[in-house]
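Before any comments, here is the structure.
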Amino acid sequence: MQNDTRASSALLRRELETCLIAMAASEVTASTTERVMPVIDRFSEFLGSHGVVALRLASPSIAESFVRARLQSGLIASGATMHDRRSTLRLLFRFARRLGLVDGDPTLDVLLPPRSSRRTRPLIDDEVELARDVALWSLASRRAGWQRHGRWPRRLLEAGSCPASWLATWTFGQVACGFTGGSERWPGGGR
């Protein structure tokens, strides 16, 4: 019985080594290969402890258990660690598929918390242009109103264009433009 276990762990070890050799010979950088090797070694040990003898037998539940496993110290793995483990396994299974060792990737349905808890993110160029267009459209309609009522904020007269304090942020899929600061009262009661 012990010889069967050694033979099966040898098969798994051979498959993992083949994948690592393929990574090293491909577009994957040497630093990436060095970074993923310890994670792949731990995954190999994890598979062995669960009786998995070949990569093709790694189930989605085993892959998810590895990704979410506690650290050796017993602490819960951080989000960054879980993302790193999942990325490493995805890389491993991508090469295993290329080599014909597996048919799929058991990590595809492993959902993790977002990498960042921030609700805002930097705008991409298209979003900046859209925000600028909205701000200029809004400014043009306000200028028309100010011309009719004879009220032009001094800041606009000096700058001649959109104030620097117009901000655009991408929040929940919508562009929100707003004026911040300044002492001028804007038509309609806003600032």
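Describe numerically, in nm with one decimal, the distance between label points set 7 Å from Cα along Cα→Cβ at Leu108 and at Thr81.
Taking the simple label geometry, Leu108 and Thr81 are separated by 2.9 nm.
Apply the Karplus curve 6.51 cos²θ - 1.76 cosθ + 1.60, θ = phi - 60°, to the phi angles in the range 113-120 and return the couplings in whole Hz, x for Gly and Pro.
Residue by residue, the range 113-120 yields x, x, 5, 10, 8, 5, 8, 10 Hz.
Each residue of the range 76-90 in order: what ³J(HN,Hα) in whole Hz does its phi give by Karplus 6.51 cos²θ - 1.76 cosθ + 1.60, θ = phi - 60°, with x for Gly and Pro?
In residue order, the calculated couplings are 6, 5, 6, x, 5, 5, 5, 5, 5, 4, 5, 4, 5, 5, 4 Hz.
Simple spin-label model, 7 Å along Cα-to-Cβ: Arg118 to Arg90 in nm?
Using points 7 Å along Cα→Cβ, the separation is 2.0 nm.
Which of the three applies to the range 2-98, rounded, prolate or oblate, going by the alpha-carbon gyration tensor with a ≥ b ≥ c and a/c under 1.5 meaning rounded?
Oblate shape, in that a/c is at least 1.5 and b/c is the bigger or equal ratio.
I want to check the label-to-label distance for Arg68 and Val128. Put each point 7 Å from Cα in the C-beta direction and report it in nm to one decimal.
Result for the modelled spin labels: 4.0 nm.
Hey, can you rank 107-120, 52-65, 74-87 by average C-beta count inside 10 Å, highest first?
Those peptides, ordered most packed to least, come out 52-65, 74-87, 107-120.
Explain nothing, just compute: Karplus ³J(HN,Hα) = 6.51 cos²θ - 1.76 cosθ + 1.60, θ = phi - 60°, for every residue of the range 36-42 in order, whole Hz, x for Gly and Pro.
These are the phi-based 3J(HN,Hα) values: 7, 4, x, 5, 5, 4, 5 Hz.
Does the range 72-136 come out rounded, prolate or oblate by the C-alpha gyration tensor, with a ≥ b ≥ c the root eigenvalues, rounded set by a/c under 1.5 and, if not, prolate when a/b is larger than b/c and oblate if not?
oblate
The numbers here are math on the coordinates, done by the rules we state, and not lab data. All of these numbers come straight from a predicted model, not from anything done at the bench. Glycine also receives a Cβ, built like all others from the backbone with ideal geometry; neighbour counts cover every protein chain displayed.
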